[in-house]
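Novice: This is the structure I want to talk about, given as structure tokens.
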Amino acid sequence: MIPHEHLWIPVTLFAAFAQTIRNATQRNLTASLGTLGATLVRFLYGIPFAVLWLVLVQRLGGFALPDPNWRFAGWIVLGAIGQIGGTALLLQVMRERNFTLGVAYSKTEAIQVAFFGFIFLADPLRPAALLAVFFGTLGVLLMSPIERKHPLKALLGGWTTRVALFGLACGTCFSFASVGYRGASLALEGTPFPMTAAYGLVVAQVIQTLVLGGWLASRDAGTIVRVVRAWRASLLVGFVGAVASAGWFVAMAIEPIAHVRTLALVELLFAYVISRRFFRERLTRIESIGIGLLCVGLITVTLGR
């Protein structure tokens with residue numbers, strides 16, 4: 001049995017895998033539903049599965065529902081709104097011609113979340129964790145196939161482009177989401193972490209559905225109609241999205257967010273290695289260095305934290 005203090009590691013790995021699947025399925029809906037419509041799908045169709053998880057946690061664990069407070073409300077709203085913004089920006093980045101540059105900059109989330117977690121939640125920034133964040137983020141940036149001949153020049157010179165700014169903003173929004181969700185879990189003092197995670201997820205997804213759904217209903221009701229009609233394809237996105245979010249909520253209820261989001265970079269490693277293996281393409285020297293640095297970061301955050 002995995003000790004409580006180490007449970008966040010397999011949970012984070014599982015959440016990263018589920019998120020990879022969710023991003024792929026959600027991206028397919030963008031063409032027909034638009035960026036905001038595809039974003040709404042993740043939250044609206046995830047509610048039934050989030051509620052089911054909450055019921056199972058309550059029944060199987062024998063936990064009582066927590067008593068919410070104003071601290072919890074503030075943090076969960078911050079997390080919910082941040083996740084809406086991050087998801088919409090990520091989908092927008094994926095629609096851009098040079099989306100790899102935007103995705104690369106979105107992965108600076110690990111650095112941003114370490115900073116915001118320290119400022120707002122007083123999460124510790126130990127030397128090992130800082131090294132893990134640095135190596136992991138640098139590795140991800142080097143692995144991004146932005147410009148094969150001069151990747152570092154492309155990264156340093158392209159940060160002011162439109163898609164790069166979208167990516168940076170995406171990372172910032174997801175950082176606020178992570179801080180908000182961990183803050184909400186900490187605000188429910190005395191509540192076991194499985195219940196704080198399940199309860200927080202349900203509340204967050206309801207808020208996200210009401211906010212984004214209400215905005216679309218007042219501005220573009222046709223998108224709401226298309227989202228409802230696409231329920232068959234959307235259920236899969238909702239299910240996988242709820243599973244991934246459940247994993248993030250559990251992990252961040254246990255462990256400081258800088259550790260969780262650094263280990264979450266393994267998502268890119270999974271996708272990258274599988275892609276290279278499938279297409280049997282050779283790695284460039286820069287890409288090999290990037291993989292090595294990412295692995296150093298992942299090992300450091302799990303063993304040297």
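Novice: Identify the residues of the stretch 171-191 with backbone N under 19 Å of a label point that sits 7 angstrom from the Cα of Ala122 along the Cα-to-Cβ direction, or state none.
Specialist: 179-191
Novice: Rounded, prolate or oblate: pick one for the stretch 153-269, where a ≥ b ≥ c are the square roots of the eigenvalues of its C-alpha gyration tensor, a/c under 1.5 means rounded, and failing that, prolate if a/b is larger than b/c, else oblate. The partial results should precede the final answer.
Specialist: Values: a/c = 1.81, a/b = 1.02, b/c = 1.78.
Oblate, since a/c reaches 1.5 and b/c is not below a/b.
Novice: Highest mean first, how do 198-204, 165-171 rank when packing is the count of other Cβ atoms within 10 Å averaged over residues?
Specialist: Values: 198-204: 25.4, 165-171: 22.6.
Final packing ranking: 198-204, 165-171.
Novice: Then there is this: Taking 0.36 nm per residue of separation and subtracting the Cα-Cα distance, what length does fully extending Leu210 through Arg229 add? Please report the intermediate quantities before stating the final value.
Specialist: Values: separation 19, 0.36 × 19 = 6.84 nm, distance 1.85 nm.
Gain on extension, Leu210 to Arg229, equals 5.0 nm.
Novice: Using 7 Å Cα-to-Cβ label points, what is the Asp220/Trp70 separation (nm, one decimal)?
Specialist: So the label points at Asp220 and Trp70 sit 3.7 nm apart.
Novice: Would you order Phe116, Phe14 from fewest to most other beta-carbon atoms within 10 Å of each residue's own beta-carbon?
Specialist: On the way: Phe116 20, Phe14 16.
With the fewest neighbours first, Phe116, Phe14 line up as Phe14, Phe116.
Novice: Order 247-254, 233-240 from most to least packed using the mean count of other Cβ atoms within 10 Å. Let's see the in-between values first.
Specialist: Values: 247-254: 26.9, 233-240: 20.4.
Highest to lowest by the protection proxy: 247-254, 233-240.
Coordinate-derived values only; no laboratory data. These numbers come from a predicted model, not from an experiment. Here the Cβ is made from the backbone with ideal geometry for all residues, glycine too, and neighbour counts use every protein chain on show.
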